[in-house]
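S.K.: One structure coming up, written as structure tokens, with questions to follow.
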Amino acid sequence: MATTVFSISPFRDVHDIDVSTRKGRRFTIDIYKNNGGFDSEVTVLDRVSKSPGSWLYKTKPASNSAQDNFSAAIQLVQDYLSQVDPQDVISDIHNPCNTPFISDTDQNSVLAQKSIALNVRVN
């Protein structure tokens, strides 16, 4: 399987992951590779809340592990859902550009640790 990485500038590659919820909220996790380390951010696209909108959040901390950033991003999504709609849950996680920084196996391991009973999809 080939791996696709979008390069948004000559020094920064990104692993893009789409997250959807049962009630229609969408999140985009972007994990960036920087000089041997990783940082990430989550874009929230919430059209179903009482106050719909979109927001961008940086996850913390930046680390040497894309898996740590993925875990932090999933935690951010879970925390967001617990605040705006505790009845909503993650229903799909899709890697549209394959898995250049964190494998589907490692992503599934993070989900299992967070008691999310689903498997990620890869392009």
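FYI, it's all coordinate maths here, none of it is from the lab. What you are looking at is a predicted structure, and each value in this text was computed from that prediction instead of being measured. We place every Cβ from the backbone using ideal geometry, glycine too, and count neighbours over all the protein chains shown.
S.K.: Which residue, of Ser49, Ser91, Ser20, is small (Gly, Ala, Ser) and touching a helix residue (DSSP H, G or I) at 6+ places or on another chain (Cβ under 9 Å)?
M.R.: Step by step, each of Ser49, Ser91, Ser20 is checked, and only Ser49 is small (Gly, Ala, Ser) and touching a helix residue (DSSP H, G or I) at 6+ places or on another chain (Cβ under 9 Å).
S.K.: Next up: Would the range 71-80 turn up any residue that is of a type outside the set (D, E, K, R), touching a helix residue (DSSP H, G or I) at 6+ places or on another chain (Cβ under 9 Å) and closer than 16 Å to Val14 by Cβ?
M.R.: No.
S.K.: Residues of the range 77-96 being of a type outside the set (D, E, K, R), closer than 18 Å to Arg121 by Cα and not in a helix (DSSP H, G or I), which ones?
M.R.: Selection gives Val89, Ile90, Ser91, Ile93, His94, Asn95, Pro96.
S.K.: May I ask you to verify whether Asn98 is in contact (Cβ under 8 Å) with a residue 40 or more places away in the chain, closer than 23 Å to Arg12 by Cβ and under 14 Å from the mean Cα position of the chain (by Cα)?
M.R.: Answer is yes for this residue.
S.K.: Take the residues of the range 74-95 that are under 11 Å from Lys114 (Cβ atoms) and in contact (Cβ under 8 Å) with a residue 40 or more places away in the chain: which is surrounded by the most Cβ atoms within 10 Å (Cβ to Cβ)?
M.R.: Ile74
S.K.: So, in the range 99-115, how many residues would count as being assigned to a loop (DSSP other than H, G, I, E, B) and surrounded by fewer than 17 Cβ atoms within 10 Å (Cβ to Cβ)?
M.R.: 3
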